[in-house]
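As structure tokens, the structure follows; a few thoughts come after it.
The values are calculated or read from the model by the stated rules, or taken from the named source; none is laboratory data. Source: prediction; values computed, not measured. Cβ placement follows ideal geometry from the backbone for every residue including glycine, while neighbour counts extend to all protein chains displayed.
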Amino acid sequence: MLKITKFGGSSMADAGQYRKVRDIVTADPGRRIVVVSAAGKRDKNDHKITDLLYLCHAHIQYGVDCSPIFDQITSRYLEIRDDLGLTLDLESDFAALKKRLDAKSVSQDELVSRGEYFSARLMAAFLGFDFVDAADWIKFNMDGTVDQDASYSALRGLVHGTGVVIPGFYGVMPDGRIRTFSRGGSDITGALAAAALDADVYENWTDVSGILMADPRIVENPQAIPEVTYDELRELSYSGAQVLHEGTIFPVREKGIPVNIRNTNDPEAPGTMIRESFQTDTDPQRFITGITGKKDFSIVSMSKRGMSNQVGVLRSMLSVFERHGISIDYTPNGIDNVSVVVPTEAVAPCLYTILAEIQQEVKPDSLAVHDQIAVVAAVGRKMAFRPGISGKIFAALGQSGINIRMINQGPDELNIILGVDNKDFAEAIRVLYNSFVK
Ligand code: ASP
């Protein structure tokens with residue numbers, strides 16, 4: 001049994017968290033490959049090391065001394081080291097880095113990658129595992145994608161049965177320069193390691209006991225989702241829930257490796273299991289997997305008499321958006337009308353040009369824009385072919401006086417998407433949660 005364990009920033013925030021990580025890793029002999037993030041926040045008012053590193057780089061760019069911030073970073077790591085009783089010499093590494101920083105000879109990517117680098121060095125020393133640098137195996141192509149074959153075989157050549165710790169978030173370009181993933185990218189490093197080594201499971205340890213059924217800022221104490229498919233997760237994250245970096249799923253899904261989201265602060269909790277599909281239904285009463293959503297959409301709707309009998313009207317409307325590089329989220333339609341739902345922020349800069357072009361090219365009978373729309377998505381693989389779910393959703397919202405502005409459901413029935421006014425967003429999520437979960 002081989003488990004890849006990835007620990008996020010909050011699990012690496014101080015020496016106490018390092019001890020929790022050690023207890024988790026040593027509790028299971030399958031946990032031999034550990035991927036770590038940079039130290040995260042210790043409390044609400046604290047700073048993530050990665051943020052401080054970006055800040056350092058910005059200072060240098062503008063010719064401002066970054067020493068106070070750099071010292072803050074250094075002392076976070078030295079504090080962890082001393083508290084754990086380790087003797088690793090980090091001082092000379094930090095001094096060499098500072099020298100290069102002052103000489104402006106460190107790229108932004110290389111600088112911010114040092115957060116995970118130092119985390120991994122410390123964790124390797126603490127666990128008595130080998131340190132395997134991500135720069136020695138995660139190989140980027142020139143276009144910024146990962147060369148999976150080259151990376152996988154490089155990692156296989158570096159791991160020989162003993163425990164290893166790998167820094168997340170970065171790899172190396174063909175010319176040897178360090179390159180990072182986008183923010184939150186240590187999740188991808190873990191997924192790549194799992195795929196490279198054909199792991200049995202990819203455990204992603206964070207500070208919540210799994211993916212929650214709804215946003216805890218909206219619903220008080222929402223339940224965790226025990227089981228979710230990759231497809232459902234895609235729907236949940238597309239519509240608003242932030243769980244894993246979006247580049248995480250592809251490498252593990254390709255190899256059929258399940259992902260288990262776990263909580264470092266509650267290691268007994270089973271967390272959330274993410275798989276292609278589930279053979280047995282452990283909770284037949286639960287029809288909805290999760291409820292999520294996003295605010296601030298605009299609906300551009302047009303009607304044109306006789307449109308249903310004309311060919312190409314929809315295409316000409318959509319091609320206006322395409323020309324402006326606007327990605328469309330939903331296109332609910334009637335017989336002689338169609339609406340295009342897009343994030344307001346994306347469409348706002350060119351809205352009037354778009355409207356003028358639709359007017360000119362599509363010649364609609366009416367054209368209108370509705371703002372302040374929120375999208376609410378009820379996601380669940382078990383909704384498919386089960387009558388009554390949408391009825392229950394509409395009844396619950398109706399009884400709470402929430403007006404539904406748009407309805408969208410694909411034939412795979414994986415989700416039901418509703419448009420409501422921004423002002424009703426939080427209440428709509430609470431109403432759905434209460435009627436399906438409580
Ligand atoms: N440390 C990086 C960040 O804060 C990457 C990660 O933690 O996944 O974005």
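For SER277, the conditions (1) part of a strand (DSSP E or B); (2) out of contact with any Gly (no Cβ under 7 Å at 6 or more places or on another chain) are fulfilled apart from (1).
Within the range 186-207, the set of residues being surrounded by 20 or more Cβ atoms within 10 Å (Cβ to Cβ) and either within 13 Å of the ligand (Cβ to nearest atom) or without any contact (Cβ under 8 Å) to a residue 60 or more places away in the chain (or both) comprises SER186, ASP187, ILE188, THR189, GLY190, ALA191, LEU192, ALA196, ASN204, TRP205, THR206.
Among residues of the range 137-194 being touching a strand residue (DSSP E or B) at 6+ places or on another chain (Cβ under 8 Å) and charged (D, E, K, R), the one that is nearest to LYS48 (Cα to Cα) is ASP187. Consider the range 218-259 and keep the residues that are modelled with pLDDT of 90 or more, of a type in the set (D, E, K, R) and part of a helix (DSSP H, G or I). The one that is farthest from ALA150 (Cα to Cα) is GLU232. All of LYS44, LYS48 fail the test of being more than 18 Å from ALA134 (Cβ to Cβ), surrounded by fewer than 20 Cβ atoms within 10 Å (Cβ to Cβ) and within 14 Å of the ligand (Cβ to nearest atom), apart from LYS48. The residues of the range 1-25 that are closer than 22 Å to GLY85 by Cβ and within 14 Å of the ligand (Cβ to nearest atom), listed by number, are PHE7, SER11, MET12, ALA13, GLN17. Of the residues making up the range 357-389, those that are closer than 30 Å to VAL347 by Cα and either of a type in the set (Val, Ile, Thr) or in a helix (DSSP H, G or I) (or both) are GLU357, ILE358, GLN359, GLN360, GLU361, VAL362, VAL369, ILE373, VAL375, VAL376, VAL379.
Within the set ASP281, ASP329, the sole residue that is acidic (Asp, Glu) and touching a helix residue (DSSP H, G or I) at 6+ places or on another chain (Cβ under 8 Å) turns out to be ASP281.
Yes/no per residue for (1) more than 14 Å from the ligand (Cβ to nearest atom); (2) not small (Gly, Ala, Ser):
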site	(1), (2)
ALA27	yes, no
VAL35	no, yes
LEU52	no, yes
ALA58	yes, no
TYR62	yes, yes
PRO68	yes, yes
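Of all residues in the range 149-168, those satisfying the criterion of being touching a Lys or Arg at 6+ places or on another chain (Cβ under 9 Å), assigned to a loop (DSSP other than H, G, I, E, B) and either of a type in the set (A, V, I, L, M, F, W, C) or more than 16 Å from the ligand (Cβ to nearest atom) (or both) are VAL159, GLY161, THR162, GLY163.
In the range 102-134, the qualifying residues are those that are buried (at least 19 other Cβ atoms within 10 Å of the Cβ) and farther than 30 Å from GLY30 by Cα, and the one that is nearest to the ligand (Cβ to nearest atom) is VAL112. Test of understanding: among VAL420, VAL379, VAL342, VAL338, which residue is over 30 Å from ASP281 (Cα atoms), at pLDDT below 95 and surrounded by 15 or more Cβ atoms within 10 Å (Cβ to Cβ)? The conditions single out VAL338.
Taken over the range 18-61, residues that are touching a strand residue (DSSP E or B) at 6+ places or on another chain (Cβ under 8 Å) and without any contact (Cβ under 8 Å) to a residue 40 or more places away in the chain amount to 1.
For the range 276-295, residues that are under 22 Å from the mean Cα position of the chain (by Cα), surrounded by fewer than 18 Cβ atoms within 10 Å (Cβ to Cβ) and within 17 Å of ASP231 (Cα to Cα) total 2.
May I ask you to verify whether SER182 is closer than 28 Å to ILE249 by Cβ, among the polar types (S, T, N, Q), surrounded by fewer than 18 Cβ atoms within 10 Å (Cβ to Cβ) and within 16 Å of the ligand (Cβ to nearest atom)? Yes. Does the range 402-424 contain at least one residue that is touching a residue at least 24 places away in the same chain (Cβ under 8 Å), touching a Ser or Thr at 6+ places or on another chain (Cβ under 9 Å) and part of a helix (DSSP H, G or I)? Within the range 402-424, one or more residues are touching a residue at least 24 places away in the same chain (Cβ under 8 Å), touching a Ser or Thr at 6+ places or on another chain (Cβ under 9 Å) and part of a helix (DSSP H, G or I). Among the residues of the range 77-96, the one identified as crowded, with 21+ Cβ neighbours inside 10 Å and either within 15 Å of the ligand (Cβ to nearest atom) or over 16 Å from ALA13 (Cα atoms) (or both) is TYR77. Among residues of the range 111-122 that are at positive phi, none has a Cβ under 8 angstrom from a residue that is modelled with pLDDT under 95 and within 11 Å of the ligand (Cβ to nearest atom) at a sequence gap of 6+ or on a separate chain. Out of all the residues in the range 169-179, which are of a type in the set (Lys, Arg) and either within 10 Å of the ligand (Cβ to nearest atom) or not in a loop (DSSP other than H, G, I, E, B) (or both)? If the condition is that a residue be of a type in the set (Lys, Arg) and either within 10 Å of the ligand (Cβ to nearest atom) or not in a loop (DSSP other than H, G, I, E, B) (or both), then ARG179 is the only one that fits. Within the range 300-347, restricting attention to residues that are assigned to a loop (DSSP other than H, G, I, E, B) and touching a Gly at 6+ places or on another chain (Cβ under 9 Å), the residue that is farthest from ARG405 (Cα to Cα) is ASP336.
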